[in-house]
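Visitor: The structure is given below, and queries will be raised subsequently.
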Amino acid sequence: MAAPTFPRHVAAREADQALPQYVSDREAMRMFRLSSPTWFSLQKSPDFPRPVWFGPRSKRHDLDRLLAYAESLRTPDAAVETA
């Protein structure tokens with residue numbers, strides 16, 4: 001009996017989930033609802049995740065690291081309010 005096969009889009013989705021996802025500055029600002037000055041001042045913080053450069057003009061941020069950083073900035077009171 002042959003092994004079951006999955007449609008290509010299912011296999012591609014599983015492969016995408018294993019790879020890190022990267023977002024641009026503009027995408028991150030939209031996602032976190034921040035203005036440009038706020039976003040760029042946050043990047044100057046020493047504990048802000050460093051970007052990944054894919055070329056001289058292509059800077060991206062690891063989405064998982066950004067989300068972890070954002071979670072670390074939350075206060076315990078904010079976590080209780082949303083629960």
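Each value in this text was obtained by applying a stated rule to the coordinates, not by laboratory testing. It should be emphasised that the depicted structure is a prediction, and the values quoted were computed from it without experimental measurement. As a convention, Cβ positions derive from the backbone with ideal geometry for all residues, glycine included, and neighbour counts pool all protein chains shown.
Visitor: Averaged over every viewing direction, what's the projected area of the C-alpha convex hull for segment 22-82? Give it in nm², one decimal, please.
Guide: 4.6 nm²
Visitor: For the pair Glu27 and Gln43, how long in nm is the line joining their label points, each one 7 Å along Cα→Cβ?
Guide: 1.5 nm
Visitor: May I pose another question? Remind me, relative contact order of segment 22-82 in percent, using alpha carbon pairs under 8 angstrom and six or more residues apart?
Guide: 34 percent
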